[in-house]
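To start, the structure under review is shown below, and the notes come after it.
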Amino acid sequence: MSEKLTGIGVSPGVIAGPVARMAGPPALTGRSVLNVPEALSAVALQLRGRAAGEAEEILEAQIMMVEDPQLLEDAERLTAEGLDPARALDRAFSAHEKALLELGGYFAERAADVEDLRHRAVAAALGRPMPGLPEPGHPYILVADDLSPADTATLDSAVLAIVTRRGGPTSHTAILARARGIPAVVACPDAGLLADGDLVAVDGSLGSVRRGVTEREIDDIRDAFLATRARLRDGRGPGRTADGHAVPLMSNIGSAADPVGEEGVGLFRTEFLFLDRRTAPSLEEQEAAYAAVFSRGGKVVVRTLDAGTDKPLPFLGLAEEENPALGIRGLRVDRVLPEVLNTQLDAMVRAAAANPSAEVWVMAPMVTTWQEAAAFAARARARGVTRVGVMIEVPAAALMARELLEHVDFLSIGTNDLSQYTFAADRQHAGLADLLDPWQPALLRLVAACARAGLEMGKPVGVCGEAAGDPRLAPVLVGLGISSLSMSATSVPAVRESLAGVTLGQCRAAAAGVL
Ligand code: PEP
Ligand code: MG
């Protein structure tokens, strides 16, 4: 009998196969056979041996952590106090993990990276095999508590899909799985029930794992998956419905290194450039970073810094808050640090002027009232921005979309935050995935209200949250009147194909049904 487990789908595709579980962390028993520096070198050596291609940057960051002199000093001090090297390493890495967890948001997600290094270092010291990917000798569905960057970075083609108990939509697992086109489900609380050899079907769009599939079903699902992948890889051209209604399919990026599809960038998350900065990036430095993206030409929708809560920017030195998601974040940072926005707008305008082949649009995140939208638009225009917009991430702004559009040229709906604030559910919370489901009618009604305002005012209203990359939802969004969709570049082919298979009339009928 088949049985279904649910989690959050973070990388689309349906595939089936046998489960292979990741080796667990080493137990802290027995005595060490290596001292602290030897164990750390062994870990660095192992990671160096695996660094290759796009994984290199991630593994380099891991190697830097292992070679951190502070960590060595802390662990050596503990051994000098009489602790066995494995226990000293365990304690030194744990202190580092705790500090990251206390910082919260993006940093807390990096704590899993340090935890992985701790397990490797402890295993090395105890002379046991370091934890890592299983090698069952055939293609498999990888099931783990969580994956470290080192694990995700070295996934090979034997991994058909990934299922993890922990992790969120912004975890390394999610990002790399999407980039590689490997279906993935994270935050699946019952992943621990899956045993080696269980036959399962994983749906990375719906976020489900079905246990108890037959060998025959596995073959059929795998054939369909491979056929879909080959077909999507060959797909080209702009986004449009079967009857020719154009819907530009744009890409979400965090830097010039991220891939961009044919129709430009719909969301450039500029804060990703500066997440680990302790000092403010200068005007010139910002100009160069933006120019690196603009120099490719085409349309680029740049977002001003979206700092705070899940994306803290240490260089801003913002005060600690009890409830940061409801505090000073996004455009609200301007209330306390107005020069930051001025510098950023100037850098964007200079970079745009130097790269005339780019069509630069600028928008602000976390806008709540029309007065904020009007003030932002006036500021941006005064500094030379020609197309100014705002993101819709707060229900109050969605309800006033028409009034906002009286002051700006376009809206871009951030469904990740709009879900969080509409359903009062932390977007990183694995236990609230059902509330964060973009098919929730309350969310779609807010999207519909914005789209309607855009149609009335003759101004574009796009979606740039994760919902835009869901091939099943895309026709619904178009039917609601959304004019463009922006997603990770790897999601574009499936959305293109989905839209090409329906007419605008069918999209509208689907939208009406869903509402
Ligand atoms: C969103 O909130 O949907 C969005 C696109 O912005 P971010 O995910 O960067 O907060
Ligand atoms: Mg957002």
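The values are calculated or read from the model by the stated rules, or taken from the named source; none is laboratory data. What you are looking at is a predicted structure, and each value in this text was computed from that prediction instead of being measured. As a convention, Cβ positions derive from the backbone with ideal geometry for all residues, glycine included, and neighbour counts pool all protein chains shown. Keep in mind that these areas ignore ligands, DNA and RNA; they rest on the heavy atoms of the full protein, side chains included. Shrake-Rupley method; radii C 1.70, N 1.55, O 1.52, S 1.80 Å.
Ranking 226, 187, 72 by Cα position along the charge dipole of the chain, where only Lys, Arg, Asp and Glu carry charges on their C-beta atoms, puts 226 farthest toward the positive end.
When the alpha-carbon atoms of segment 152-233 are used, the pair Rg, Dmax equals 12.8, 35 angstrom. Beta-bridge orientation, the chain: approximately 30 percent antiparallel, per DSSP, counting only bridges with both partners inside. Segment 420-457 and segment 326-383 have Cα centres separated by 24 Å. Here the simple spin-label model places points 7 Å from the Cα toward Cβ, and for residue 424 and residue 31 these points are separated by 5.9 nm.
Full extension of the chain between residue 84 and residue 299 yields a length gain of 71.6 nm, computed as 0.36 nm times the residue separation minus the alpha carbon distance. Taken over the Cα atoms of the chain, the convex hull encloses 150 Å³ per residue. Each label was represented as a point 7 Å from its Cα along the Cα-to-Cβ direction; for residue 57 and residue 216 these points are 4.7 nm apart. Within a straight-line Cα-Cα reach of under 18 Å, residue 459 can be paired with the following lysines, leaving aside sequence neighbours fewer than 8 residues apart in one chain: 299.
Here segment 315-369 is treated as a Stokes sphere of Kirkwood radius computed over C-alpha pairs; at 10 °C and 1.306 mPa s its diffusion coefficient rounds to 121 µm²/s.
Would you work out if segment 1-140 is rounded, prolate or oblate? Take a ≥ b ≥ c from the square roots of the eigenvalues of the alpha-carbon gyration tensor; rounded if a/c is under 1.5, else prolate when a/b is larger than b/c, oblate otherwise. Because a/c hits 1.5 or more and a/b exceeds b/c, segment 1-140 counts as prolate. Nearest 0.05, what FRET efficiency do residue 73 and residue 354 give at R0 = 56 Å with Cβ-Cβ as r? That gives a FRET efficiency of 0.75.
Highest mean first, what order results for 36-44, 277-285, 112-120 on Cβ atoms within 10 Å? Show your work: numbers first, answer last.
On the way: 36-44: 20.1, 277-285: 13.0, 112-120: 22.7.
Going by the mean number of other Cβ atoms within 10 Å, highest first, we get 112-120, 36-44, 277-285.
When the surface is traced with a 1.4 Å probe over the full set of protein chains, residue 245 keeps roughly 70 Å² accessible. Applying 0.36 nm per residue to the separation of residue 236 and residue 292 and subtracting their alpha-carbon distance, the gain on full extension is 17.7 nm. On the beta carbon distance between residue 506 and residue 326, with R0 = 41 Å, the FRET formula returns roughly 0.55. In terms of accessible area, using a 1.4 Å probe and ignoring ligands and nucleic acids, 98, 459 rank largest first as 98, 459. Listed by chain and number, the lysines whose C-alpha is less than 23 Å from the C-alpha of residue 98, apart from same-chain residues fewer than 8 away, are 311. Here the chain is assigned +1 on the Cβ of each Lys and Arg and -1 on the Cβ of each Asp and Glu. Its dipole about the Cα centre then comes out at about 1240 debye.
Tell me the carbon and sulfur percent of the accessible area for segment 394-477, rounded to whole percent, probe radius 1.4 Å.
After summing per-atom areas, the C and S share lands at 57 percent.
Between 436, 341, 495, the Cα set farthest toward the positive side of the dipole of the chain (charges on each charged residue's Cβ, about the Cα centre) is that of 495.
Between residue 285 and residue 381, what is the FRET efficiency for a Förster distance of 22 Å, r being their Cβ-Cβ separation, to the nearest 0.05? Calculated value: 0.35. Estimated from helices alone, the mean residue ellipticity of the chain at 222 nm is -13000 deg cm²/dmol (sum of -39500 (n - 2.57) over DSSP H runs with n ≥ 4, per residue). Summed over the residues of segment 201-319 and divided among them, the accessible surface reaches 45 Å² per residue at a probe radius of 1.4 Å.
Ordering 483, 295 by accessible surface, largest first, gives 295, 483; the 1.4 Å probe counts only protein heavy atoms, with every chain in place. Against the chain, whose longest principal axis is taken from its Cα atoms, helix 69-80 shows a tilt of about 30°. Overall, segment 169-281 carries a charge dipole of about 400 debye about its Cα centre when +1 sits on the Cβ of Lys and Arg and -1 on the Cβ of Asp and Glu, all other atoms neutral.
Summarising the amide proton neighbourhood of residue 299: residues at separation of 5 or more, or on other chains, whose placed amide H is nearer than 5 Å comprise 265, 359.
Simple spin-label estimate for residue 515 and residue 402 gives 1.4 nm between the two label positions (7 Å along the Cα-to-Cβ direction from each Cα).
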